[in-house]
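See structure below.
Read the figures in this text as sums done on the coordinates, not as results from a lab. Computed from a prediction, not measured in an experiment: that's the story for all the values here.
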Amino acid sequence: MATRTQFKMTTAERRRRHFSDSFKIQKVRELETGKTKVSELCKQYEVTATNVYRRLNKLGTMKDKKERFIVETDSDTRQLLELKKKVAELERIIGQKQILIDFKDKMIDLAEETYGVDI
């Protein structure tokens, strides 16, 4: 059975090889769409992550855009809405409890004034 070390290229062999521009663009598109990962490309083609990121910056479609797109899944959006509702409910409960506390403090103050007793 063959092992990976048998097929590992030497440094000189890796320096002599060249990838076509169309191949590089294809791999950059795969990275941008999420079909592959940088670590997978590094292992598969025995290249460094620096080279992959360099090509991604040079050939990628997002290189000139200053803004980033954040993609939220439906479950993330639902979870966020549920958490906002929960926060609103808790704030409402805290408000009600604060009103009760203020009411009790006022009743104590009135009782102290009326009966002249320190409570």
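At a glance:
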{"quantity": "Inverse of mean 1/r across different Cα pairs in region 4-59, Kirkwood, Å", "calculated": "12.0 Å"}
{"quantity": "Pairwise Cα inverse-distance average, inverted: Kirkwood Rh of region 72-119 (Å)", "calculated": "13.6 Å"}
{"quantity": "Extension gain from Leu100 to Glu113, taking 0.36 nm per residue of separation minus the Cα-Cα distance", "calculated": "2.7 nm"}
